[in-house]
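Undergrad: One structure is given below, represented as structure tokens, and several questions about it will come after.
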Amino acid sequence: MLKTKGYNTGVVGKWHLGLGTGHVDWNERISPGPNEVGFDYAFIMAATQDRVPTVYIDNGRVAGLEKDDPILVDYDKNFEGEPTGLENPELLKMKWHHGHNNSIVNGIPRIGFMKGGEKARWVDEEMADVFLEKAQKYIREKKIGSRPFFLYYAMQQPHVPRTPNPRFEGLSGMGPRGDVILEADWCVGQLMKTLEEEGLLENTLVIFSSDNGPVLNDGYYDDAVEKLGTHAPAGPLRGGKYSLFEAGTRVPFITYWKGRIQPGVSDAMVSQLDLLTSLATLVGSDIRADDSMDLLSVLMGDSKMGREELILEASTRTALRSGDFVMIPPYDGPAVQTQVNIELGNDKGYQLYNLKSDISQKNNIASSEPELLEKLTKRFNEIRGSKSVPVEQLELK
């Protein structure tokens with residue numbers, strides 16, 4: 001959409017939206033990828049920091065790859081002679097808790113098996129700096145041109161494995177998880193400083209958000225649980241990452257535009273889906289999407305009239321948010337994902353919560369509000385297109 005209005009587009013950081021057509025040859029140009037779906041420039045990691053291959057992808061090609069040291073990747077079986085976290089714990093500098101016990105890179109066990117590409121492999125502790133520098137370079141170079149630009153800067157922090165740069169190690173007092181949150185905060189500050197130095201703050205809309213709620217132990221022993229103390233990452237909210245409760249689906253969302261957006265807090269409900277249509281309005285495009293609302297006035301702080309409803313999603317399960325109410329249909333499966341110690345929202349009966357009076361979702365009013373439950377269930381089924389939503393069991397590989 002932005003490209004049709006003359007924008008140069010770039011993505012730097014975590015992608016994890018899929019690469020190639022299912023069987024990727026990491027030694028050739030990887031396509032389709034970000035460049036094929038709208039980005040002029042793309043410097044990304046292959047998937048996530050805890051998965052192989054542990055390499056950067058620069059406009060479709062593995063950065064720093066040597067032809068005589070090709071990359072081999074397999075998510076089912078290991079390559080002969082390659083150590084793993086499961087079989088070689090003596091080689092680890094970070095111990096795995098669940099799932100992350102395959103190939104070892106930089107002393108950290110990963111998801112999946114990898115061989116080769118030795119000089120192309122990243123250094124985990126340098127990753128935040130690498131992505132920040134690429135983002136800063138993109139901004140400085142695009143400022144010179146006459147075209148406006150859009151940058152999607154997807155920081156990997158604080159996703160596991162949490163590997164702070166030595167500059168931040170130990171600063172939080174809450175282990176690697178606390179340290180990488182400090183590092184992420186610093187990265188945002190450095191990016192804003194770059195925009196200021198380049199004289200772009202008054203002409204740039206900055207949107208900061210997240211993909212899910214908090215999680216402590218997400219696959220590695222890194223003192224996230226042990227050093228938490230009395231801090232509650234989700235505040236009064238119930239659940240966390242993987243959960244249909246508010247702590248899983250309600251995420252940070254901040255808009256900033258120097259001289260245009262006045263500081264403040266809005267209770268308007270918005271979805272990240274609304275960014276497409278809202279930004280289309282901002283740049284004068286008539287491109288729209290059926291599930292994306294024009295909430296530009298809300299993003300700008302000019303209005304507090306947001307969405308009335310939206311579909312919540314967590315690990316393939318869905319629920320309905322309507323006004324102040326959340327309706328979660330019945331789901332099979334465990335109530336708590338014990339590996340991460342988070343309530344998932346699964347229950348054999350319907351759940352209905354009034355967030356205005358019960359932000360912590362402690363009081364299920366489904367039985368006492370049958371008419372409201374019937375109304376919201378009907379609406380949920382209208383949007384979802386079926387009365388029985390298939391559920392996949394949550395599996396943390």
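Undergrad: Could you tell me the calculated FRET efficiency between residue 144 and residue 93, based on Cβ-Cβ distance and R0 = 45 angstrom, to the nearest 0.05?
TA: Values: r = 42 Å, r/R0 = 0.93.
According to the calculation, E is roughly 0.60.
Undergrad: Which whole-Hz couplings ³J(HN,Hα) result when phi for each residue of region 22-27 is put into the Karplus expression 6.51 cos²θ - 1.76 cosθ + 1.60, θ = phi - 60°, listed in order with x for Gly and Pro?
TA: For region 22-27, the Karplus curve yields x, 10, 8, 8, 6, 9 Hz.
Undergrad: Between residue 129 and residue 268, what length in nm is gained on full extension when 0.36 nm per residue of separation is reduced by their alpha carbon distance?
TA: 46.6 nm
Undergrad: Here is a further query. Measure off 7 Å from each Cα along the Cα-to-Cβ vector at residue 198 and residue 82, then give the distance between these two points in nanometres to one decimal.
TA: According to this spin-label approximation, the distance is 3.7 nm.
Undergrad: In addition: Quick one: which residues, 5 or more positions from residue 13 or on another chain, have an amide H under 5 Å from its amide H? H modelled 1.01 Å from N in the peptide plane, none for Pro or chain starts.
TA: Residues meeting the amide H criterion: 43, 44, 45, 154.
Undergrad: For the pairs 95/137; 5/137; 227/258; 67/93, note any where the Cα-Cα span goes beyond 28 Å.
TA: Working: 95/137 35 Å; 5/137 23 Å; 227/258 37 Å; 67/93 30 Å.
Check vs 28 Å cut-off fails for 95/137; 227/258; 67/93.
Undergrad: Size of the dipole of region 309-384 about the Cα centre, Lys and Arg at +1 and Asp and Glu at -1 on the beta carbon, nothing else charged, in debye to 20? Provide the component values of the computation, followed by the final result.
TA: On the way: 9 positive and 11 negative charges, 15 e Å.
Dipole magnitude for region 309-384 comes out near 80 debye.
Undergrad: If amide H atoms are built 1.01 Å from N in the plane of the peptide, which residues on other chains or at least 5 residues away come under 5 Å of the amide H of residue 8?
TA: Sorted by chain and number, the residues that satisfy this are 149, 150.
Undergrad: Please work out the Cα center distance from region 20-35 to region 135-180, rounded to the nearest Å.
TA: Each part reduced to its Cα centre gives a spacing of 25 Å.
Undergrad: If all Cα-Cα distances of region 309-384 are sorted into 5 Å bins from 0 onward, what percent lands in each bin, rounded to whole numbers?
TA: Histogramming region 309-384 at 5 Å steps yields 3, 16, 26, 27, 18, 7, 2, 0 percent.
Undergrad: Just check region 135-292 against the gyration tensor rule for me: Cα atoms, a ≥ b ≥ c as the square roots of the eigenvalues, rounded for a/c under 1.5, and otherwise prolate or oblate depending on whether a/b exceeds b/c. Walk me through the intermediate numbers first.
TA: Numbers: a/c = 2.28, a/b = 1.40, b/c = 1.63.
Verdict is oblate for region 135-292.
Undergrad: Let me ask something additional. For the chain, give the magnitude of the charge dipole about the Cα centre (Cβ charges: +1 Lys/Arg, -1 Asp/Glu; no others), in debye to the nearest 20.
TA: Numbers: 44 positive and 57 negative charges, 143 e Å.
I would put it at about 680 debye.
Undergrad: Next question. What is the log10 of I(q)/I(0) for the chain, computed with the Debye formula using one identical point scatterer on each Cα and no solvent, at q = 0.12, 0.14 Å⁻¹?
TA: -1.13, -1.48
Undergrad: Could I ask something else about it? Per 0.36 nm of contour for each residue apart, how much would the distance between residue 332 and residue 67 grow if the chain were fully extended, relative to their Cα-Cα spacing?
TA: On the way: separation 265, 0.36 × 265 = 95.40 nm, distance 4.91 nm.
That pair, residue 332 and residue 67, stretches by 90.5 nm at full extension.
Undergrad: Using only Cα atoms, locate the centre of region 205-224 and the centre of region 277-333, then give the distance between them in Å, rounded to an integer.
TA: Cα centroid to Cα centroid, the span is 22 Å.
Undergrad: While we're here: For residue 364 and residue 3, what is the calculated FRET efficiency with R₀ set at 41 Å and r taken between the beta-carbons, to the nearest 0.05?
TA: On the way: r = 47 Å, r/R0 = 1.14.
Rounded to the nearest 0.05, the efficiency is 0.30.
Undergrad: Of the beta bridges DSSP finds with both residues in the chain, what % are antiparallel, to the nearest 5?
TA: Working: 32 of 43 bridges.
Counting DSSP beta bridges with both partners in the chain, the antiparallel share is about 75 percent.
Undergrad: Mind listing the phi-derived Karplus ³J(HN,Hα) values for region 256-263, rounded to whole Hz, using 6.51, -1.76 and 1.60 with θ = phi - 60°, and x for any glycine or proline?
TA: Taking θ as phi minus 60°, the curve returns 9, 8, 4, x, 10, 9, 7, x Hz for region 256-263.
Undergrad: Starting from the Cα of residue 291, step 7 Å along the direction of its Cβ; do the same at residue 74; then give the gap between the two resulting points in nm.
TA: 3.7 nm
Undergrad: Taking the Cα atoms of region 236-292, what is the range of coordinates along each of the three principal axes, in descending order and whole Å?
TA: Principal axes ranked by extent give 40, 30, 15 Å for the Cα atoms.
Undergrad: Put a dot 7 Å past each Cα toward the Cβ at residue 254 and residue 185; how far apart are the dots in nm?
TA: It is 1.0 nm.
Laboratory data are not the source of any read-out in this text; all were calculated from the coordinates shown. Nothing here was measured: the structure is a model prediction, and the numbers come from that model. Heads up, the Cβs are rebuilt from the backbone with ideal geometry, glycines too, and the neighbour counts pull from every protein chain shown.
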